[in-house]
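Encoded as C-alpha cells, the structure appears first; notes follow it.
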Amino acid sequence: METRRLSILVIDDEPDIRSTVADILEDEGYQVTQAGSAAEAEACLRDAAFDLLLLDIWMPGEDGLHFLQRLAETGLEQPVVMMSGHGTIETAVQATKLGAYDFIEKPLSLDKTLLSVGHALEAFRLQRDNRQLREQSGLVERPSGQSSAVRQLREQLERVAAVDSWVLLSGEPGSGKEVAARYLHRQSRRAEGPFIDLRAGAIAQPNVTVELFGSEQDGRIQRGRLEQAHGGTLFIDEIADMDLESQARLISALQERRILRVGGTHPVALDVRVIAGTARDLQKAVAEGRFRQDLFYRLHALPLQVPTLAQRSADIPELVEEFMNLHRRRDGLSRRQFLPEAMEVLRHYPWPGNVRELQNLVERLMILSEGPEVSAEEVEGALGLDQRLAPLSNASGDDFGGTLKRARERFERAFLEYHLARNDWNIARTAEVAGLERTHLYRKLKNLGIGLRGERRGDEDLED
C-alpha cells in the first residue's frame, strides 16, 4: 500500500544550495518546497503543512534564528534542522534552546544531511506516537470478539482500509464507532499519519467552523482539526450535529483538497481521509432539510453498520477481560473474577448503553467489589436489576391484602418482568429460565397485561 511522501521546506537565500539540497532530498523520496527568505517561508507555512524545515541561519532580512524564535513562540509543529556556513558553538546552542533538532555546517555533507533529516523525522514521529499513546491509554485498540457480527465488521473495515474513500459508521451511542474508526485508520496507508477526532455535538455551533478549519487573526494562526489531520484521518463523531454552513464548507474543502481558514485569504493544501460517525438516520435528516444531500451521498458511498452489544452478546466475556486489563494498566485496579452466574447476567442484559455501558460497569465493579470474585448479585445490584423485585421482598403487612390469587399475580408479574429485562425481552430465553413452555409463557404475559414490547418480541420468537 503506497504511503504518503514526507514534505520538507528548504529555506536558504542561495538558489544553488537550495536546488542541490532539494535534488538530494527528492532522490530519497521526499517532497520538497523551496523558499529564499523568512518571508517566503512564512507564506509557505501559512499555505501548507510540512513535516520538517531545513533552515539557513544567515539570510538577508530576517535571519534564521529570529525566524525560528518566532516559530517557537507560536508552537513548533515540525522539527527544524539549522544550516550555516559560519556557525559557532554558541549559535548551535542558541538554536537548540529555541527548539531546533540539529545543526549542520556548510558545505553540506550529503550523508550528514540525510542522516540528520532522517533522525529528526523519526524523533518527531516517536514523540507524536508517545503523545497519542498517552492520550489513548484508556481506549480499546480494535473491535474485539469472535461473534459473527464483530468478525464481519472487522473484515469490512480491513477491506475499506485499502481504499481512500470517505466512510460512514452508523451505530447506537456507545457501540464503538470510534474504536472502529481507529482500527480502520491503523489498517490503512495513513497509519503513520495522525488520527484526529472531532466530537461535533460537544462544540457550540459558532465554534465548529473554527475547530474544523482553524483561523487567522493578527498574523497568528490557529490550525483546525482538518490541518492537524493532514496526511492522516479525521473522525467526526455525530456528524449530524454539524450546522449546514459547516457541512457545506467541509464537502467543498475535501472535494477541492484545500481549505481556507476563518479570517484567512490563502488556501491551504489538504490531504485528509474523513470517517464520520452517526447514531441518527441521516437520510431522514436530509429529507427534513437538516443535512446536506451531497454530503450524505458522499459519505454513504461506503456505509458500515457497527453492531449493538446485544447483537454480539457472545463477545461479552472477552470484552470484560479486555476492560479489566485496561483498567489494571491505566488505573492500577485489582483484577476480579466474574463467576459464571455473574457472566450469565451480563450476557442476558439488554445493554441500552452498549459497549460503553459494559466498560463503565466493569470499572465500577473492579473498584467496589470487596473480594476477588464478582457474584451475580453484585452485577444485578450494579445494573439495578435487583430493584425490580425489591417491592415484594420488602413488603409489609399492609401489602398482603386481597386474595392469594391476587398476591400470586403480583409476584408472577414482578418475577417475569425481572427475567424478561435480564433476557432483553427474548421469549425463548425467558421461558427456559422460568421453566415454562414458550406458548404457556406468552399466554401468561397476555393474562398479566405485561407491556406491548413483550408481546411484539413474543410474536417474533414464536415465528422462529
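What follows draws every value from the coordinates through simple rules; no lab data is involved. Note that this is a predicted model, so its numbers are computed, not measured. Positions of Cβ are generated from backbone atoms using ideal geometry, with glycine treated the same way; all protein chains shown enter the neighbour counts.
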**Message:** Given the options Gln247, Leu282, Ala269, identify the residue whose Cα lies farthest towards the positive end of the charge dipole of region 224-313 (+1 on Cβ of Lys, Arg; -1 on Cβ of Asp, Glu).
**Reply:** Ala269
**Asked** Cβ under 11 Å from Ser84's Cβ, Ser84 left aside: what net charge do those residues give with Lys, Arg +1 and Asp, Glu -1?
**Response** -3
**Request:** Using the Cα centre as the reference, give the magnitude of the dipole from point charges on the C-beta atoms of region 177-252 (Lys, Arg: +1; Asp, Glu: -1; all else neutral), rounded to the nearest 20 debye.
**Result:** 400 debye
**Complete:** Along the dipole axis of region 7-135 (charges at Cβ: +1 for Lys and Arg, -1 for Asp and Glu; origin at the Cα centre), the most positive-end residue among Gly36, Leu9, Leu65 is Leu65
**Prompt:** In deg cm²/dmol and to the nearest 500, what is the mean residue ellipticity at 222 nm of the chain if only DSSP H runs of at least 4 residues count, each as -39500 (n - 2.57), divided by the residue total?
**Reply:** -15500 deg cm²/dmol
**Complete:** Rg (one decimal) and Dmax (whole number) from the Cα set of region 7-135, in Å, equal 13.9, 44
**Asked** Fewest first, what order do Glu90, Glu322 take by the number of other Cβ atoms within 10 Å?
**Response** Glu90, Glu322
**Request:** Write down the percent of antiparallel bridges among all DSSP beta bridges whose residues are both part of the chain, to the nearest 5.
**Result:** 10 percent
**Asked** Shape call for region 310-383 from the C-alpha gyration tensor, a ≥ b ≥ c root eigenvalues: rounded (a/c under 1.5), prolate (a/b greater than b/c) or oblate?
**Response** oblate
**Prompt:** Using unit Cβ charges (K, R positive; D, E negative) and no other charged atoms, how large, in debye to the nearest 20, is the dipole of the chain about its Cα centre?
**Reply:** 1780 debye
